[in-house]
Amino acid sequence: MFGFEAGDMATMSWWVLFGALFLTPFLQEDFGVILAATASLAGTAPTVLLIAAILTGLVASDAWKYWMGRLARRYQWAHKFAEKPGVSVAGDLIRKEFLQTMLTARFVPGTRIPTYIAAGFFKAYYPKYVLTLVFTASLYIGVVFSLFHTVGAVAGEEAIVWMPLVTITLLAAYILFRWINHRRKKEGVMTPLTKERDHPMPGMPGFEGTPLEEEEEE
């Protein structure tokens with residue numbers, strides 16, 4: 001009927017899945033990786049294609065955050081992103097330990113946005129930034145996929161159901177813990193560094209000569 005065969009339907013479902021994997025990181029990156037690993041464990045689509053879809057989504061969802069940092073140097077409407085708790089701390093770390101800071105941000109939910117905005121604010125070399133995104137995202141995906149397949153090999157088919165539920169529950173609990181800690185102690189996302197080391201962005205090295213720096217001087 002309608003000229004569709006089983007193979008056509010399977011191909012369409014693959015494209016829907018790949019599209020979802022590409023878009024999900026724009027909402028929540030960790031959930032997207034868990035979704036991709038679950039689909040791989042279930043054999044829904046070839047693992048290499050699932051990895052390609054989620055990797056592309058992760059990099060695309062993070063690549064633009066750099067430019068929010070660059071815009072924050074010149075425009076007041078964008079500067080509010082740079083003044084969020086933790087961004088100045090991430091900036092200090094970005095300038096001193098770029099790779100280590102980007103790697104930490106990839107594996108610690110809640111620190112990514114401040115780190116990526118800080119990379120743009122302090123004008124990290126953009127090709128280097130993107131290549132580092134690819135490296136850290138690939139490493140993260142590799143760890144999660146390996147974990148899912150290792151547990152699946154031991155636990156059997158039941159792992160397809162409980163493994164993603166357990167992972168999502170642990171992730172949600174961790175994010176909730178950080179949020180409660182942030183609200184209770186009034187610290188930023190780069191806890192415990194934020195409370196002691198946060199500082200205004202204008203006046204920092206590399207910010208001289210921008211319109212916002214001139215406004216501060218006035």
(request) State, to one decimal in nm, how far the label point of Val134 lies from the label point of Lys96, with both points 7 Å from Cα in the Cβ direction. (result) 3.0 nm
(message) Under a Cβ-only charge scheme (Lys and Arg +1, Asp and Glu -1), can you give me the dipole magnitude of region 47-88 about the Cα centre, in debye to the nearest 20?
(response) 240 debye
(request) Using a Förster distance of 30 angstrom, determine the FRET efficiency expected from the C-beta separation of Ala63 and Phe177, and round it to 0.05. (result) 0.55
(request) Calculate one ³J(HN,Hα) per residue across region 135-146 by plugging θ = phi - 60° into the Karplus curve 6.51 cos²θ - 1.76 cosθ + 1.60, and present them in order as whole Hz with x for glycine and proline. (result) 5, 5, 5, 4, 5, 4, 4, x, 5, 5, 4, 4
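Quick note: the coordinates plus some simple rules give every number you see, no bench work behind them. Note that this is a predicted model, so its numbers are computed, not measured. We place every Cβ from the backbone using ideal geometry, glycine too, and count neighbours over all the protein chains shown.
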